[in-house]
Amino acid sequence: MKWSISAHNCFRRCQRQYYFSKIMAAHNAIDERRREAHILAQLKNLSEWRGNLADKGIEHFVIPALENGIQIDFEHATQQTIELAYRQLAFSKARKYREPGITKSDIGDEFCALSRHEYGQDFSSEELEALFLDIACCFENLEQQTDFIEYLKQGKRYGTQKILSFYLDEVRIIAWLDLLFFREAGQLTIVDWKAGMSETSDYRPQLLVYALAAVEGWPKAQPGNLEIYEANIMKNEIRRHHVTEQDLLGIEDFIYSSICEIRSVTQDKKYQHQHVEDYEFANSPDTCMYCSFRKLCLEVLSEDASDQPIQDHEPVQLEMLL
């Protein structure tokens with residue numbers, strides 16, 4: 001079993017969503033339904049797409065300038081990111097992500113699968129204009145963070161989209177870092193880029209998982225030498241998260257509790273020995289409304305309903321999923 005913050009959140013949000021995305025999905029499976037789950041797992045909504053574009057823009061047009069010690073051209077970064085958005089839009093609108101043999105590794109940054117296109121909808125010109133304005137706003141805000149940019153310039157050995165992993169109770173814990181760089185020997189900085197406007201989201205658990213992964217990967221990188229920043233370039237806010245030994249012990253307990261909760265349902269069984277009916281529906285109808293797997297979930301639910309008598313609570317779940 002693999003564990004990450006996204007897997008934990010998915011399981012808590014809807015156990016069936018976790019089943020489709022983390023257990024059932026397989027790109028090379030003979031079973032057509034498993035391949036379908038893999039395709040649906042890649043779908044993004046508008047907010048997720050915006051965040052991904054901002055990440056790509058920083059990765060390709062900001063970090064290389066820092067590495068080479070040259071002036072960052074934020075206007076160029078904005079233009080190139082918007083051009084990438086147009087290419088991704090065309091790729092998704094043509095539903096090329098469904099073509100046999102097409103993979104992210106083959107296509108690269110142009111690969112994109114958007115929920116709107118999967119379900120026969122499209123973006124209005126007003127929505128796209130707002131998206132491009134948001135992207136421009138992100139880079140304008142980052143350019144204004146002069147002190148933070150100067151801090152980033154002091155880094156060495158920059159790593160973007162860096163994957164760190166370690167094991168806890170024989171489970172692989174995966175952390176996917178937007179930016180990691182060294183300041184001095186054993187001194188690490190982790191930056192997590194955000195491009196959302198939510199006032200209620202708490203990303204500290206996610207960042208503490210990153211910190212734990214860094215300490216596990218580099219024993220010299222103790223909490224006192226670790227600096228973690230949550231950089232919301234949409235809201236123009238840079239927030240540093242201080243980390244202590246107690247914080248790391250707390251997040252390790254959090255991960256372990258999450259693993260136990262997931263294992264209580266999955267029992268570490270392979271896909272062939274799992275049964276979707278053992279997984280609960282989401283508690284909130286909003287979760288089902290915006291779930292990428294709702295089409296597949298309805299198919300499975302419909303088959304279950306035809307194979308066995310419908311219980312009193314099942315019509316409520318059907319209505320919720322619709």
Boolean, residue 209 is touching a strand residue (DSSP E or B) at 6+ places or on another chain (Cβ under 6 Å) and either in a loop (DSSP other than H, G, I, E, B) or more than 18 Å from residue 59 (Cα to Cα) (or both): yes
Hits in region 167-212 - residues which are more than 25 Å from residue 142 (Cβ to Cβ) and small (Gly, Ala, Ser): 185, 186
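Going by the conditions given, is residue 317 modelled with pLDDT under 95 and outside any helix (DSSP H, G or I)? Let's see the steps before the verdict.
Values: modelled with pLDDT under 95: yes; outside any helix (DSSP H, G or I): no.
So residue 317 fails the test.
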Determine which single condition residue 32 fails, assuming it passes every other condition in (1) under 19 Å from the mean Cα position of the chain (by Cα); (2) within 23 Å of residue 300 (Cβ to Cβ). (1)
For region 244-283, which residues satisfy the criterion of being of a type in the set (A, V, I, L, M, F, W, C), modelled with pLDDT under 95 and out of contact with any Phe, Trp or Tyr (no Cβ under 8 Å at 6 or more places or on another chain)? 281, 282
Could you tell me whether any residue of region 188-199 is touching a Leu at 6+ places or on another chain (Cβ under 7 Å), buried (at least 17 other Cβ atoms within 10 Å of the Cβ) and among the small types (Gly, Ala, Ser)? no
With criteria (1) free of Cβ contacts under 8 Å to residues at least 40 places away in the same chain; (2) in contact with an Asp or Glu (Cβ under 8 Å, 6 or more places away or on another chain); (3) crowded, with 17+ Cβ neighbours inside 10 Å, residue 58 comes up short on (1)
Taking the residues in region 86-103 that are surrounded by fewer than 20 Cβ atoms within 10 Å (Cβ to Cβ) and touching a residue at least 40 places away in the same chain (Cβ under 8 Å) as candidates, determine which candidate is nearest to residue 62 (Cα to Cα). 103
Give the residue that is farthest from residue 34 (Cα to Cα), with candidates limited to residues of region 256-287 that are surrounded by 14 or more Cβ atoms within 10 Å (Cβ to Cβ) and among the small types (Gly, Ala, Ser). 258
Going through region 212-236 one residue at a time, which ones are modelled with pLDDT of 90 or more and assigned to a loop (DSSP other than H, G, I, E, B)? 233, 234, 235, 236
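For region 1-37: of the residues being in a loop (DSSP other than H, G, I, E, B) and not small (Gly, Ala, Ser), which is surrounded by the most Cβ atoms within 10 Å (Cβ to Cβ)? I'd like the intermediate steps shown before the answer.
Initial filter on region 1-37 (in a loop (DSSP other than H, G, I, E, B)): 1, 4, 14, 25-31.
Filter again for not small (Gly, Ala, Ser), leaving 1, 14, 27-28, 30-31.
Working: 1: 15, 14: 22, 27: 14, 28: 8, 30: 7, 31: 12.
My answer is 14.
What residue, of 185, 175, 113, is crowded, with 19+ Cβ neighbours inside 10 Å and either touching an Asp or Glu at 6+ places or on another chain (Cβ under 8 Å) or not assigned by TED's automatic domain parsing to the domain that holds residue 69 (or both)? Before the answer, list the steps.
Values: 185 fails: crowded, with 19+ Cβ neighbours inside 10 Å; 113 fails: either touching an Asp or Glu at 6+ places or on another chain (Cβ under 8 Å) or not assigned by TED's automatic domain parsing to the domain that holds residue 69 (or both).
Sole residue among the options that is crowded, with 19+ Cβ neighbours inside 10 Å and either touching an Asp or Glu at 6+ places or on another chain (Cβ under 8 Å) or not assigned by TED's automatic domain parsing to the domain that holds residue 69 (or both): 175.
The values are calculated or read from the model by the stated rules, or taken from the named source; none is laboratory data. What you see is a predicted model; the values in this text were computed from it and never measured. Don't worry about glycine lacking a Cβ; one is built from the backbone with ideal geometry, like all the others, and counts go over all protein chains shown.
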